[in-house]
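Worksheet for the structure shown next.
Readers should treat all values here as calculations from the given coordinates under stated rules, not as data from a laboratory. Since we're looking at a predicted model, the values are computed, not measured. Cβ coordinates were reconstructed from backbone atoms using ideal geometry, including for glycine residues, and neighbour counts include every protein chain displayed.
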Amino acid sequence: MANQYKFSFGPWNIHCGADPFGPVVRDELSFDEKLTFYRKLGFEGVQFHDDDAVPDLNELTPQQVANRAKAVKKQLEDHGLEAEFVAPRLWEDPRTIDGAYTANDPQHREYALERSRRTIDIANALETDLVVLWLAREGTYIRESKDSKKAVDLLVQAINAMLDYEPHMRFAIEPKPNEPMDQAFIPTTGHAIGLAYLCNDPSRVGVNIESAHAILAGLDPSDEMGYALAHNKLWTVHLNDQNGLKFDEDKTFGSVDIRRAFNQVRILETYNYGQNGEYVGLDVKAMRTQKSGVSSKHLINSRRIFLRLVDLVRSLDEQHTQDLIKQRDYEELDFVILNHLMGG
Ligand code: 3MF
Ligand code: MG
């Protein structure tokens with residue numbers, strides 16, 4: 001049976017184009033307006049930051065947070081959508097300036113944990129069993145400011161506390177080597193999976209692999225996916241593209257290196273990614289130059305490119321490929337792949 005893929009994105013992927021050097025350039029859409037886009041664009045899963053679901057949650061009691069999240073669950077149902085995951089937004093509060101779970105101030109670490117408990121409550125109310133941990137500020141601007149051995153111990157303690165808090169929840173770490181930090185403590189898939197095995201219930205700790213994050217670490221995203229698949233820990237993906245080592249660009253999937261994108265789709269397809277309900281998540285950003293009204297093309301195009309690449313994976317002459325591997329004729333294999341990608 002050929003794989004059927006389900007697609008997801010987060011409300012932050014429809015945005016008004018502000019960057020660190022300039023203000024918004026497009027109309028801001030409300031959360032409810034954004035929800036109307038999903039089905040139209042071919043998506044059924046919504047990825048959430050905790051405060052995408054419950055704005056200003058720090059001002060609310062845990063019961064109020066859960067009640068508001070339940071109302072969002074109803075909103076999703078009205079649109080024929082489901083929540084894929086919820087992620088704690090641990091990088092904007094003054095108490096996470098020096099990191100969240102690895103902050104040097106114990107009160108700030110306690111804030112991060114309490115906030116994460118609310119994230120888990122929201123995930124329960126939205127009826128998803130997946131929390132994504134993008135460890136945005138768990139790292140350093142200068143090496144001497146934190147102890148990297150202690151940082152790993154603190155991350156394990158924090159994840160253990162979350163595992164204890166909700167015995168059904170799974171946690172997918174989203175590694176990224178830099179930005180906003182100079183050096184992140186969990187920069188790659190290998191680091192994330194190593195961390196998973198240090199936790200009390202490794203079967204509930206996996207990864208979310210983002211193409212651009214792997215590229216920023218100088219790695220091939222499809223190899224990172226293969227590594228996670230070998231550990232049964234690839235629970236979601238953030239597909240996009242990245243043009244070299246610069247700021248995190250979140251470009252349309254395949255737009256920089258179509259062969260690199262092909263190989264990501266190929267490994268997902270080969271190992272039946274999605275068979276346990278995993279989504280194809282697209283963490284892409286529209287260019288600042290795009291006008292209001294046409295600012296969701298990056299999403300529709302990323303999905304189209306993914307599906308075109310699925311067709312190319314399926315139509316590749318596997319027998320021929322295997323014969324060339326047997327003969328060790330990798331020059332010819334190189335040509336066969338390029339020719340296939342060029343429609344040959
Ligand atoms: C940063 C990211 C984040 C995460 C998101 C969900 C804003 O580079 O990729 O997107 O994906 O926070 O975990
Ligand atoms: Mg991401």
| field | Cα-projected label distance for Ser148 with Glu114, points at 7 Å along beta-carbon direction, nm | value | 3.3 nm
| task | Distance between Cα centroids, region 216-245 to region 68-100: provide it in whole Å. | result | 24 Å
| said: Give me a comma-separated list of calculated 3J(HN,Hα) values for region 161-174, in order, Karplus coefficients 6.51, -1.76, 1.60 applied at θ = phi - 60°, integers in Hz, x for any Gly or Pro. | reply: 5, 5, 4, 5, 5, 9, x, 9, 7, 10, 10, 10, 7, 9
| query | Can you list the HN-Hα couplings for region 307-322, worked out from phi with the Karplus curve (6.51, -1.76, 1.60; θ = phi - 60°), rounded to whole Hz and with x for Gly and Pro? | reply | 5, 4, 5, 4, 4, 5, 4, 5, 8, 5, 6, 5, 4, 4, 4, 5
| query | Percent antiparallel among DSSP beta bridges with both residues in region 1-116, to the nearest 5? | reply | 10 percent
| remark: Bridge orientation stat for the chain from DSSP, antiparallel percent rounded to 5, came to 15 percent
| Inter-part distance where region 1-61 and region 258-301 are each reduced to a Cα centre, Å | 15 Å
| task | Mind listing the long-range amide H neighbours of Phe171? Cut-off is under 5 Å, sequence gap 5 or more, other chains count too, H placed in the peptide plane at 1.01 Å from N. | result | Val131, Val205, Gly206
| remark: Calculated from DSSP helices alone, with each H run of at least 4 adding -39500 (n - 2.57) and the total divided by the residues of the chain, [θ]222 nm to the nearest 500 comes to -13500 deg cm²/dmol
| query | Using 0.36 nm per residue, how much length does the chain from Asn200 to Lys291 gain when fully extended, once their Cα-Cα distance is taken away? | reply | 27.9 nm
| remark: Taking r as the C-beta separation of Arg314 and Cys16 and R0 as 45 Å, the FRET efficiency to the nearest 0.05 is 0.75
| note | Phi angles of region 264-270, converted by Karplus (6.51 cos²θ - 1.76 cosθ + 1.60, θ = phi - 60°) into ³J(HN,Hα) in whole Hz with x for Gly and Pro, give 5, 5, 5, 6, 5, 5, 4
| remark: Sorting Val294, Leu324, Gly343 by the position of each Cα along the dipole of region 288-344 (Lys, Arg +1; Asp, Glu -1; all at Cβ), the one nearest the positive end of that ordering is Val294
| field | Within region 297-336: Cβ-based charge dipole about Cα centre, in debye rounded to nearest 20 (Lys, Arg +1; Asp, Glu -1) | value | 520 debye
| Other-chain or far-sequence residues with amide H under 5 Å of Arg137's (modelled H) | Ala100
